[in-house]
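Just below is one structure, and these are the notes that go with it.
A short reminder: the numbers here are calculations on the coordinates, not readings from a lab. Note that the structure is predicted; figures quoted are calculated from it, not measured. Every residue, glycine as well, gets a Cβ built from its backbone with ideal geometry; the counts of neighbours run over all protein chains shown.
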Amino acid sequence: MLIPLILSGGSGTRLWPISRRNLPKQFLSLAGKETLFQQTVQRALRLPVVSSPVVVASEDHRFLAAEQLQELAIQDANILLEPIARNTAPAIAVGALQALARSPDAIVLVLPADHLIGDDASFGDAVAKARPLAEKGWLVTFGIRPDRPETGFGYIRRGKPLDGETFQVEQFVEKPKLDVAERYVASGEYDWNSGMFMFRAAQYLEELGQHAPAMLAAARAAFDKANTDLDFIRLDAEAFAAAPSDSIDYAVMEKTSHAAVVPVACRWSDIGSWDALWLAAEKDANGNHFEGDVIALDTKGSLVRSHDRHLVATVGLEDVVVVTTPDATLVARRDASQDVKKIVDELKAAGRTEHDLHRVVRRPWGMYDSLESGDRFQVKRIVVKPGAALSLQMHHHRAEHWIVVKGVAEVTCDDKVFLLAENQSTYLPLGSKHRLRNPGKVPVELIEVQSGSYLGEDDIVRYDDVYGRA
């Protein structure tokens with residue numbers, strides 16, 4: 001049984017301001033209508049004789065993963081929740097344990113959720129070549145045929161041929177300097193390390209036990225003590241935190257004597273920077289890629305992305321990135337876009353929130369858009385899905401006014417429960433227990449005006465929540 005194991009725990013800081021901690025790049029539509037996560041899942045499920053996926057995700061992103069699977073009509077996936085990031089080796093370990101729970105002969109295809117592949121047919125051919133090797137006990141990685149010297153990727157040196165177009169791994173190489181990368185590409189003996197793998201689940205766990213026994217023990221304990229919550233499998237937090245944080249490359253692949261590589265040219269990109277997205281995107285005659293409302297004069301080799309109906313105009317620019325969101329704008333040289341993560345570090349150090357949340361924040365019940373804020377007030381636009389409800393909650397430091405602009409809302413305020421129709425409003429005093437629910441079949445939209453001495457999202461006491469949030 002071939003089981004896709006989708007790793008979706010990355011933060012994607014290099015694609016700020018679009019990608020943020022609460023909405024990282026794998027859950028965004030960056031190259032096509034569907035998100036990178038959805039494209040990865042669908043690509044895997046198009047393979048022959050394949051089972052439903054196992055997804056390893058951060059607890060913070062659990063509802064994003066579940067909702068995006070539901071949009072694909074996938075109901076039977078297993079979603080394992082990491083309570084803390086521990087890199088790829090422990091994440092793959094718990095995914096392999098879940099795969100073994102389904103089948104003792106499970107073969108897992110490990111796929112990062114934030115990669116882009118432009119040639120699904122070539123990718124499928126590579127998987128077909130890897131599968132017999134995995135069945136024989138090889139730990140197979142997929143090496144991307146390099147089309148340029150690249151200092152942002154690790155490399156794999158091919159060794160002894162195994163079966164014509166497959167090879168033993170001679171050496172894993174760290175990200176090289178440019179002159180070394182040029183030499184690697186010229187030699188024809190090296191491929192980029194894609195971070196995609198295929199192996200028998202039991203074989204990976206055996207190798208992990210040999211080379212990193214403490215990690216395997218922690219992963220087993222976290223999996224054995226996991227509990228089911230709604231559609232999720234929550235790994236035990238204390239046990240998982242005890243796992244050493246390490247990548248599969250360091251923990252297993254560089255130490256095993258059973259590493260194999262299948263080279264493939266499938267128009268792969270890890271979308272690790274805005275420059276990488278520009279390279280992978282369709283471009284006009286001037287080498288530009290535009291999204292949204294853009295007017296560009298004498299602009300070449302650039303990526304310009306505007307938000308919604310916000311006009312972005314450029315004049316006389318070359319090889320730049322311009323990206324706007326409702327609350328932030330990035331302007332950078334394309335060749336410096338790897339350093340965008342330094343902006344995120346600056347925002348964190350300054351105690352700002354633009355690295356963490358978008359102005360528009362997704363929740364399992366819908367979304368809210370922070371329209372305006374000032375001293376002792378904040379205005380939000382809230383949309384609640386049909387049949388969904390916010391938690392029964394209370395605030396210590398703020399009161400709220402709700403004005404319904406679309407649909408019909410059911411409001412609970414202390415011991416009262418009543419309906420609000422369009423153009424009706426209500427006041428929720430500071431300290432009141434309240435809840436908003438959509439009893440109808442169309443989304444409810446309302447404007448919320450908060451007033452008080454403190455308006456942070458952490459001023460909330462939940463008494464009851466259908467989504468299991470504390």
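For the pair the range 141-207 and the range 68-112, the centres of their Cα atoms are 24 angstrom apart. Classify the range 297-353 as rounded, prolate or oblate from the Cα gyration tensor: take a ≥ b ≥ c as the square roots of its eigenvalues, call it rounded if a/c is under 1.5, otherwise prolate when a/b beats b/c and oblate if not. Oblate shape, in that a/c is at least 1.5 and b/c is the bigger or equal ratio.
Against the compact-protein benchmark of 2.2 N^0.38 Å, the Cα-based radius of gyration of the range 116-229 scales to 1.27. For the chain, build the charge dipole from Cβ charges (+1 Lys, Arg; -1 Asp, Glu) around the Cα centre, then report which of His289, Ser391, Ala202 sits farthest towards its positive end. After comparing all options, I get Ser391. As a proxy for reagent exposure, Asp120, Asp464 were ordered by neighbouring Cβ count within 10 angstrom, fewest first; the result is Asp464, Asp120.
If the viscosity is 1.306 mPa s and the temperature 10 °C, what Stokes-Einstein diffusion coefficient in µm²/s follows for the range 389-445 when Rh is the Kirkwood radius over Cα pairs?
Answer, rounded: 138 µm²/s.
Here the range 1-156 yields Rg over Rh of 0.94, to two decimals, using C-alpha coordinates and the Kirkwood radius.
Given +1 at the Cβ of Lys and Arg, -1 at the Cβ of Asp and Glu and no other charges, the dipole of the chain around its Cα centre is 340 debye to the nearest 20. Would you work out which of Leu97, Ala409, Ala181 lies farthest towards the positive end of the dipole of the chain? Charges go on Cβ: Lys and Arg +1, Asp and Glu -1. Result: Ala409. Dividing the mean sequence gap of close Cα pairs (under 8 Å, 6+ apart) by how many residues the range 274-340 holds gives a relative contact order of 27 percent. Kindly identify the range 280-423 as rounded, prolate or oblate by the Cα gyration tensor criterion: order the square roots of the eigenvalues as a ≥ b ≥ c, call it rounded if a/c is under 1.5, otherwise compare a/b with b/c, prolate if a/b is larger, else oblate. Prolate is the answer for the range 280-423, as a/c is 1.5 or above and a/b outweighs b/c. Listed from fewest to most Cβ neighbours within 10 Å, the set Cys266, Cys413 follows the order Cys413, Cys266. The alpha carbon convex hull volume per residue for the range 2-269 rounds to 121 Å³.
If you average 1/r over every pair of different alpha-carbon atoms in the chain and take one over that average, what Kirkwood value in Å do you get?
Evaluated on the chain, it is 24.3 Å.
Take every pair of alpha-carbon atoms less than 8 Å apart whose residues are at least six positions apart; their mean separation over the length of the range 111-264 yields a relative contact order of 32 percent. The value given for the range 342-470 is a Kirkwood hydrodynamic radius of 15.4 Å, derived from the mean inverse Cα-Cα separation.
Dipole of the chain computed with +1 at Lys/Arg Cβ and -1 at Asp/Glu Cβ about the Cα centre; of Ala241, Ile3, Tyr467, farthest Cα towards the positive end is Tyr467.
Relative contact order, whole percent, for the range 1-43 stands at 28, derived from Cα pairs under 8 Å and 6 or more residues apart.
Dividing the alpha-carbon radius of gyration of the range 334-374 by the rule-of-thumb value 2.2 N^0.38 Å gives 1.52. Helix 340-349 against the longest principal axis of the chain: what's the angle in degrees, Cα atoms only, rounded to the nearest 10? The two axes meet at around 50 degrees. Each part reduced to its alpha carbon centroid, the range 260-336 and the range 401-422 end up 44 Å apart. Loop-located trypsin sites (Lys or Arg not before Pro) in the range 187-231 (DSSP state other than H, G, I, E, B) with a sparse environment of at most 12 neighbouring Cβ atoms within 10 Å are absent. Using the Kirkwood radius over Cα pairs, work out the Stokes-Einstein diffusion coefficient for the range 43-132 at 25 °C and 0.890 mPa s, in µm²/s as a whole number. Translational diffusion coefficient: 171 µm²/s.
As a check on your grasp of the helix formula, calculate [θ] at 222 nm for the chain: sum -39500 (n - 2.57) over DSSP H runs of n ≥ 4, divide by the residue count, round to the nearest 500.
Computed mean residue ellipticity for the chain: -6500 deg cm²/dmol.
What's the exposure ranking of Ser51, Ser194, going from fewest to most Cβ atoms within 10 Å?
Fewest-to-most ranking of Ser51, Ser194: Ser51, Ser194.
To the nearest 10 degrees, how steeply does helix 213-224 sit against the main Cα axis of the chain, on a 0 to 90 scale? Once rounded, one gets 40 degrees.
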